[in-house]
Amino acid sequence: MSIKTIVATGMLFLAGTIVSGQTSTNQVKEKNMEKLELVKEWDKVFPQSNKVVHEKVTFRNRYGITLVADMYIPKNVEGKLAAIAVSGPFGAVKEQSSGLYAQTLAERGFLTIAFDPSYTGESGGQPRYVASPDINTEDFSAAVDFLSTRDDVDPERIGILGICGWGGMALNAAAMDTRIKATVTSTMYDMSRVNANGYFDTMDADQRYELRRQLNAQRTLDAKNGTYELAGGVVDPLPDDAPQFVKDYYAYYKTPRGYHKRSLNSNNGWNKTSSLSFINMPLLAYSDEIRNAVLMIHGEKAHSRYFSEDAFKKLKGDNKELLIIPGASHVDLYDNQANVIPFDKIESFFREYLK
């Protein structure tokens with residue numbers, strides 16, 4: 001597939017759906033979590049902080065999928081803490097951007113977790129490398145379940161932070177889950193919009209029909225083969241005529257700066273058929289009903305800036321804010337190389353609304 005086709009159809013990152021079954025009697029009984037082998041060594045793309053205690057934790061979502069998270073607890077603190085669950089970018093793992101955000105916010109006094117979404121990273125779920133607007137929204141609420149039942153967390157002071165595609169999931173979760181008292185999105189993607197309309201809304205109904213036709217033909221092939229064809233991660237090798245935002249993705253996911261062996265974007269990507277559920281299921285349908293606080297952050301020069309600007313227009317209330325970072329690209333907000341991530345602002349926002 002050419003770069004022009006990728007840009008036109010929004011198929012750089014694809015997403016899809018698969019639901020895990022659950023046994024029930026008169027009451028739903030808890031089943032043992034999936035047996036997962038967790039990595040013991042520090043294998044993040046950022047250095048470990050000596051200001052926080054780090055440990056791995058697991059919890060289960062309501063589809064029975066066991067999620068794995070890195071938990072960061074500030075040292076020398078007492079009492080119940082405000083807590084934040086972090087995930088994203090879309091196709092990344094917790095050893096990349098979300099872990100950096102979580103560790104940094106823990107240094108500033110919050111108990112945080114950075115989790116791998118269902119079917120990715122160290123988290124469970126079969127088949128691998130699919131995503132769902134429903135299941136991945138649920139992943140955030142499952143993180144709130146976990147945090148709200150901890151003795152060292154104040155259940156009335158829980159927030160979430162979503163990066164890139166998980167920014168859209170975070171807004172959807174905030175619209176659904178009233179326990180979420182504050183939400184931050186960073187360099188947000190609306191995955192429903194980009195899959196249905198392509199980048200920059202360049203796809204029409206006929207192109208969308210053709211995309212559905214191709215993806216459903218692939219489903220038939222997958223069913224015959226008993227496997228799931230992968231779409232590929234960030235394009236590699238990088239074409240000379242690649243758009244700047246693709247070059248930015250390459251500079252993060254395909255170089256030592258951000259490469260990780262479990263990251264879909266760094267390697268072979270999502271299942272080819274995975275965008276089907278996003279095309280027909282708008283994530284932000286009820287975002288105008290979010291009552292709790294929202295801070296949306298985006299780079300001035302990000303190709304994706306329109307996602308945050310348009311989503312922000314739907315939000316209501318005087319506790320909503322859009323912050324545009326001068327000169328920053330989409331990927332600049334992944335790892336703070338140029339000190340562009342506004343951690344002071346994020347901290348003050350969470351302190352104001354998680355008090």
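Extension gain, Lys247-Lys345: 0.36 nm per intervening residue step, less the Cα-Cα distance, totals 32.4 nm.
Can you tell me the length gained on complete extension of the stretch Glu321 to Arg257, counting 0.36 nm per residue apart and subtracting the Cα distance? Show your work: numbers first, answer last.
Details: separation 64, 0.36 × 64 = 23.04 nm, distance 3.04 nm.
So the chain would gain 20.0 nm between Glu321 and Arg257.
When the alpha carbon coordinates of the chain are projected onto the principal axes, the ranges are 57, 54, 41 Å, largest first. Please report, to two decimal places, log10 I(q)/I(0) for the stretch 216-264 at q = 0.27, 0.30, 0.32, 0.33 Å⁻¹ as given by the Debye formula with identical point scatterers on the Cα atoms and no solvent. Values, matching the q order: -0.93, -1.07, -1.18, -1.24.
Can you give the % of DSSP beta bridges in the chain that are antiparallel, to the nearest 5? It would help to have the intermediate numbers written out before the result.
Values: 14 of 40 bridges.
Percentage antiparallel, nearest 5: 35.
To the nearest 10, the accessible area of Trp270 is 10 Å² with a 1.4 Å probe.
At full extension, Asp240 and Asp134 could sit 34.4 nm farther apart than now, given 0.36 nm per residue minus the alpha carbon distance.
Suppose every Lys and Arg Cβ carries +1 and every Asp and Glu Cβ carries -1, with no other charges. What dipole size does the chain come out with about its Cα centre, to the nearest 20 debye?
That gives the chain a dipole magnitude of about 400 debye.
Across all directions, the average flat footprint of the convex hull enclosing the Cα atoms of the stretch 231-313 is 7.6 nm². Amide H to amide H distances under 5 Å link Arg60 with Leu67, where only residues 5 or more positions off or on other chains count and H is placed in the peptide plane.
Kindly state, to the nearest 0.05, the FRET efficiency for Phe200 paired with Thr227, given R0 = 41 Å and r defined as their beta-carbon distance. Efficiency, rounded to the nearest 0.05: 0.80. Among 222-232, 101-111, 124-134, sorting by the average number of other beta carbon atoms lying within 10 angstrom of each residue, highest first, gives 101-111, 124-134, 222-232. Taking the average, over residues, of other Cβ atoms within 10 Å as the packing measure, peptides 152-164, 80-92, 322-334 rank 80-92, 152-164, 322-334 from highest down. Label positions at Asn76 and Arg213, each projected 7 Å from the Cα along the C-beta direction, are separated by 6.7 nm.
With the Cα gyration tensor of the stretch 120-185 in hand, convert its eigenvalues to equivalent ellipsoid semi-axes via √(5λ) and list them largest first in whole Å.
Working: eigenvalues 90, 44, 18 Å².
Each semi-axis is the square root of five times an eigenvalue, giving 21, 15, 9 Å.
Report the FRET efficiency, 1/(1 + (r/R0)^6), for Ala338 and Tyr306, where r is their Cβ-Cβ distance and R0 is 25 Å, rounded to 0.05.
The pair Ala338/Tyr306 has a calculated efficiency of 0.65.
Heavy-atom accessible surface of the stretch 267-355, averaged per residue, reaches 46 Å², computed with a 1.4 Å probe. Counting protein heavy atoms only, the stretch 58-125 has 42 percent of its accessible area on carbon and sulfur, 1.4 angstrom probe.
The values are calculated or read from the model by the stated rules, or taken from the named source; none is laboratory data. Quick caveat: nothing in here was measured; it's all calculated off a predicted structure. Virtual Cβ from ideal backbone geometry, glycine too; neighbours counted across all protein chains shown. Side chains included, ligands, DNA and RNA excluded: accessible areas come from the protein's heavy atoms. Shrake-Rupley method; radii C 1.70, N 1.55, O 1.52, S 1.80 Å.
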